[in-house]
Amino acid sequence: MMDERFGPAALALAGVTARVLGWRPDDFWAATPADVAAVLAAWRADDAAAGVDRAGLAMMMEQCPDG
């Protein structure tokens, strides 16, 4: 029997990959769970080590405006 929480979890993860990685729905559904995990782990590790500079902050603010 399939876990009934799969749908909401998949939808949430698809939203994360769209916002963070710029993936479209087809990109998400074509990826394996290992693909998604590897890309998110690499993205997080790079950003955590480097921090955010002024240019990075400006880019994030442009991509995700408040309002």
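Rule-based calculations on the coordinates, nothing more; no lab input. Computed from a predicted structure; not experimentally measured. A quick note on method: Cβ atoms are made from the backbone with ideal geometry, for glycine too, and the neighbour counts reach across all protein chains shown.
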- Across region 55-63, in residue order, what do the Karplus-derived ³J(HN,Hα) couplings come to in whole Hz, using 6.51 cos²θ - 1.76 cosθ + 1.60 with θ = phi - 60° and x for Gly and Pro? 5, x, 5, 4, 5, 5, 5, 6, 6
- According to a simple spin-label model (label point 7 Å from Cα along Cα-to-Cβ), what is the distance in nm between Leu21 and Leu57? 2.8 nm
